[in-house]
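Chemist: Sharing a structure, written as structure tokens. Questions coming.
No lab work stands behind these numbers, since they all come straight from the coordinates. The structure displayed is predicted, hence computed values, not measured ones. Here Cβ is always computed from backbone atoms with ideal geometry, including for glycine, and neighbour counts include all displayed protein chains.
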Amino acid sequence: MARIKVGINGYGTIGKRVADAVMLQNDMELVGVSKTRPDFIARMAVSKGIPLYVPEGHEERFEAVGIKVSGTIEDLVSKVDVIVDATPGGIGAQNKPLYEKHNVRAIFQGGEKHDVTGFSFNAYVNYNEAKGRRFVRVVSCNTTGLLRALYVINDLYKIKEAFAVIVRRAADPADDKAGIINTLEPSIPVPSHHGPDVRTVLDVPIETMAIKTPTTLMHIHALHVRTEKTPNREKLIEELSKYRRILLVSKDLGIKSTAKAIELARDLGRKRYDIYELVIWKDSITVKGNDIYFYQAVHQEAIVVPENIDAIRAMFEVADKDDSIEKTDRSLSIGDMSI
Ligand code: NAD
């Protein structure tokens, strides 16, 4: 069967990771990526052999600094079966008419509103509902993290209500413009947008509050989930550990912070120290009656990457849910961080 031709519009934090992941799939072909600025990232893409596409009229800016351009963004769109739009939040919606014009499918990211596609995706929760769709939105990093844990708990015990406090990294490591220093910034109004975003994928009652913190290494969530059926701690841990995209770590082994989780990924040789898995502190899981409490961490730059790959397979109906998830996980060594 012909490989699915994929283009990445927006070769930034998420785009470059999805591009690398696409190149690891034997049923997909990376046709090219787009950049708006002729910087070192554009140069690295070309040196890796990835064709680079730029906005119309900007070709000379790239070529002036010796960066080879393969065409305009519209040229890229005209050559692919699907575009993964990883442009900054809000730009994806503006790009949608271009994808419609060329009759290509498109995946948008969590920075776009649910309404842009009318369908938001998480591989564990609704892979099958993405089948055959033209436009899909992969939810944000925090929402992906919440969904993975809530999916397992809901399946086992049926969630009656959930509440999460999200402690958010203020900026990505390479983001030298957006940093906040020596301050904590509560997200107002309350509740934050993350709860409604979860509900676009999984119908569970959840509210969230969020606080931005001056760190770049992962988000942390403090969760309280009340269930209909009485949970059992050991059973819950056993079930969570069956999911490769959930990594249970232990404070007893010294993984007591996001810094240490990232160090583990570095030591295990993960590219860009990416943690695709949702990290749950096993020792934090506490059950009291029908209430479950725990802490989890989300590596914002990486967690949505496998979701984008599975969204492509679902849209083109080329693999069943379990086959796609397994194939994606194997290609990215997801599940190999268990210690
Ligand atoms: P980014 O700023 O790192 O990268 C965006 C890229 O798009 C850059 O290369 C930029 O040059 C390019 N770009 C800008 N305007 C463009 C345009 N008009 N056309 C084409 N390309 C353009 O952004 P990011 O952090 O990768 O975020 C991308 C999307 O992924 C957003 O919707 C965001 O909300 C979502 N997301 C981000 C994270 C994260 O932690 N960074 C996590 C999950 C989801």
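Chemist: How much of the DSSP beta bridge set in the chain is antiparallel, as a percent to the nearest 5?
Modeler: 40 percent
Chemist: I want to verify a result. In a Gaussian network model of the chain, Cα cutoff 10 Å, which of these has the top mean-square fluctuation: 136, 104, 77?
Modeler: 104
Chemist: Turning to a different aspect of this structure: Can you check what the net charge comes to around residue 129, using other residues whose Cβ is under 13 Å from the Cβ of residue 129 (Lys, Arg +1; Asp, Glu -1)?
Modeler: It works out to a net charge of +1.
Chemist: Fewest Cβ neighbours within 10 Å first, please rank 316, 40, 108 accordingly.
Modeler: 40, 316, 108
Chemist: With each label point set 7 Å from Cα along the Cα-Cβ vector, what nm distance links residue 224 and residue 68?
Modeler: 5.9 nm
Chemist: Just want the answer: with Cβ charges of +1 for Lys and Arg and -1 for Asp and Glu, which residue in 78, 331, 297 is farthest toward the dipole's positive end in the chain?
Modeler: Toward the positive end, the furthest listed residue is 297.
Chemist: Grab the Cα-Cα distance for residue 100 and residue 131, subtract it from 0.36 nm times how many residues apart they are, and report the gain in nm with one decimal.
Modeler: Gain on stretching residue 100 to residue 131: 9.3 nm.
Chemist: I would also like to ask the following. Can you tell me the orientation of helix 305-316 relative to the chain, as the angle in degrees between its alpha-carbon axis and the longest Cα principal axis, to the nearest 10?
Modeler: 70 degrees
Chemist: Go through 253, 22, 92 and say which Cα lies farthest out towards the positive end of the charge dipole of the chain; charges sit on Cβ, +1 for Lys and Arg, -1 for Asp and Glu.
Modeler: The residue sitting most towards the positive pole is 253.
Chemist: Something else about it: Can you tell me the 0 to 90 degree angle between the C-alpha axis of helix 321-331 and the longest principal axis of the chain, rounded to 10?
Modeler: Here the helix axis deviates by roughly 70 degrees.
Chemist: If a paramagnetic tag sat 7 Å from the Cα of residue 232 along the Cα-Cβ line, which residues of the range 147-163 would have the backbone N under 13 Å from that point?
Modeler: Those under the cut-off are 157.
Chemist: Per residue of the chain, what 222 nm ellipticity follows from adding -39500 (n - 2.57) for every DSSP H run with n ≥ 4, rounded to the nearest 500?
Modeler: The helix contribution divided over the chain gives -9000 deg cm²/dmol.
Chemist: When Lys and Arg each count +1 and Asp and Glu each count -1, what net charge do the other residues less than 11 Å away from residue 138, Cβ to Cβ, add up to?
Modeler: -3
Chemist: Further, regarding this structure: What full-extension length gain, to one decimal in nm, is calculated for residue 163 and residue 284 as 0.36 nm per residue of separation minus the Cα-Cα distance?
Modeler: 42.0 nm
Chemist: Now for a different question. With an 8 Å cut-off on Cα pairs and a minimum separation of 6 or more residues, tell me the relative contact order of the range 141-298 in percent.
Modeler: With pairs under 8 Å counted, the relative contact order is 28 percent.
Chemist: In addition: Please give the helix 258-267 orientation as an angle from the longest Cα principal axis of the chain, in degrees from 0 to 90, rounded to the nearest 10.
Modeler: For helix 258-267, the angle is close to 60 degrees.
Chemist: Under 18 Å Cα to Cα from residue 321, which aspartates and glutamates show up? Leave out anything in the same chain fewer than 8 places away.
Modeler: Cα-Cα hits under 18 Å: 27, 129, 155, 277, 307, 310, 329.
Chemist: While we're looking at this one, here's another question. Students often check this: by mean Cβ neighbours within 10 Å, which of 238-250, 5-17 ranks highest, and how do the rest follow?
Modeler: Sorting 238-250, 5-17 by mean packing, highest first, produces 5-17, 238-250.
Chemist: Quick check: pseudo-label points 7 Å beyond the Cα along Cα→Cβ at residue 37 and residue 24, how many nm apart are they?
Modeler: Taking the simple label geometry, residue 37 and residue 24 are separated by 2.7 nm.
Chemist: If you take the square roots of the eigenvalues of the alpha-carbon gyration tensor of the range 141-298 and sort them as a ≥ b ≥ c, do you get rounded (a/c under 1.5), prolate (a/b over b/c) or oblate?
Modeler: Oblate, since a/c reaches 1.5 and b/c is not below a/b.
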